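Heads up, the thing below is written out as structure tokens.
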Amino acid sequence: MKKSFYIDYPQEHYEGQAHRYRCVFCKQETTKINGLLEGHLPTCDYRIALEKAGFECNANKPRPSLDTTDEED
Ligand SMILES: [Zn+2]
């Protein structure tokens with residue numbers, strides 16, 4: 001299972017900063033999370049719950065174990 005964006009996590013806003021929000025669980029800023037599951041810390045309750053439910057991190061593609069040129073950046 002995979003979602004394109006993970007934006008249904010509980011958020012709270014920074015005190016005194018009306019336009020900045022962060023994840024309630026791991027305290028990562030929403031602009032840093034950027035809708036990605038791996039934007040949350042590995043210890044984040046939201047991330048753990050989704051990973052347990054079978055959702056994948058978009059960026060953590062399994063690397064092909066072939067002798068191809070490494071083009072990942
Ligand atoms: Zn989080």
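Read the figures in this text as sums done on the coordinates, not as results from a lab. All figures in this text were calculated on a predicted structure; none of them were measured in a lab. Because the Cβ atoms are built from the backbone with ideal geometry, glycine has one as well, and the counts that use them run over all protein chains shown.
Quick notes on this one:
- Scanning residues 5 or more positions from L36 or on other chains, those with amide H under 5 Å from its amide H are Y6, with H placed 1.01 Å from N in the peptide plane.
- Taking packing as the residue-averaged number of other Cβ atoms within 10 angstrom, the listed peptides 8-16, 39-47, 24-32 run from highest to lowest as 39-47, 24-32, 8-16.
- Relative contact order (%) - the range 11-52, alpha-carbon pairs under 8 angstrom, separation at least six: 25
- Seen from Q17, the other residues with C-beta closer than 15 Å to its C-beta sum to a net charge of +1, counting Lys and Arg as +1 and Asp and Glu as -1.
- Within the shell of other residues whose beta carbon sits under 15 angstrom from the beta carbon of A49, the net charge comes to -2, with Lys and Arg scored +1 and Asp and Glu -1.
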